[in-house]
Structure formats: structure tokens, C-alpha cells
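Laboratory data are not the source of any read-out in this text; all were calculated from the coordinates shown. Just so it is clear, the structure is predicted and the values come from calculations on it, not from any experiment. Cβ sites come from the backbone with ideal geometry, for glycine too, and all protein chains shown count toward neighbours.
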Amino acid sequence: MSIRHAVRMVVLATLLGGLPVGATTMLRTDVPQMAQTSDTVVQGVVRRVQSRWSGDKRRIITDVEIQVTESLKGQPGGTVLVTQPGGRMGDIGQVVSGLASFSEGEEVVVFLEKRGAAAFQLSGMAQGKYEVRRTGPSAMAVPSSTGDAVLIDPKTRQETVSNAQTMSLAELKATVRAVVQAQQAAPAKKGAK
């Protein structure tokens, strides 16, 4: 192999190494949008994270059981089951870019869309999960990382960055409640015409 060919290979590998291979692409969303489009929004504690094979044994699926401490939208019951593609079974792991990770005992606020009769999925993928971090009397809501997923601005359709920011838990809950109240008031206004 000539030195010139070797240099070309190194340059090409460097250029290609900077590109996300098979990265997930998703529309950027924010708390008000997710609160509006979600079927359910809950605050709770992760009680179980368990991966399993799909019915056809070709994919790994992870089930996340969250014990609900407060429902901000919807009436989900005492627990919700969030199902996501990816996970680990023995020595085999499948990773899906743009999905949130969960750990047992973690306190979260999640924005959920109904998926089948008994399960949910996150609205906006990882954008639909906020971790609750408590320090003394205050609690902060920290957005989940979208990892190497490519975010697209819904208006311009151009690549963008996340606009999710850490906020107080009280602020996050107030934003969700305001959206829910506006949704509930909208049908009443239509009926009054």
C-alpha cells in the first residue's frame, strides 16, 4: 500500500467517523407540545426495568414499570408500563438512538402515548422523560439526553439542537397543568358558540 493511499484511507475514515451511522432522526418538541399531544403525563418512581425478546425472537424490548405518584394528565392507574425497543439479553444488546434509559428507583416525569391495551411509549422518544433530582427541599426536572439522535426543527425542517432545559419540578408541573386546563377549556368554548 502506498503512503498516498494510506493517507487517503485515514482522511476518509476520519471524515466518516464524524457522521452518525444509522442515527435516529426525530422532530424536536418541547414540554407544552408534549403535554398537549400525550395521552398521559405522570410523575413516578421506576420499579422495574426488564428486557425480553420480542415474539419473533429478532428484537430485544425493554419494559419499564413506573409506580405513579401523581398523574398530571390522564387517569393511568397506580402503575404504567413503558415499552421501548432495545435492551440487553445476556451477552446480546441492542441500542436504539434517541431513546431514554431508565434505572430502578429513579424518580421521573414521563410524557406517554398509548401503545396497545396496557402499555405506553414515550412521547418524543427521550424528549418525553425528565429525571427528578432532589437536593434538600427543592426538586429539579432534568431532561433526558437524546444521545446521538438528529433533531429536526418542526417548522424549518432543518437540523437543530435540543431546546430542553433543566427546570424546577414545580415549573414543569405548572406548565403541564396549564396546557391540560387549556385543552379542557377548548371544548367548552366550542360548545358555547
Fill in the blank from the handout: So, relative contact order of the range 21-184 in percent, Cα under 8 Å, 6 or more apart, is 27 percent
Completion exercise
Taking 0.36 nm per residue of separation between residue 159 and residue 36 and subtracting their Cα-Cα distance, the length gained on full extension comes to 41.9 nm
Exercise for the section: Over 23 Å between C-alpha atoms is what I'm after, so list which of 129/173; 57/129; 114/155 land there. Expected result: 57/129; 114/155
Handout entry: Net charge, residue 131 excluded, C-beta distance under 10 Å - Lys, Arg +1, Asp, Glu -1
Key = 0
Completion exercise
Residues other than residue 92 with Cβ under 13 Å of its Cβ, Lys/Arg counted +1 and Asp/Glu -1, net out at +4
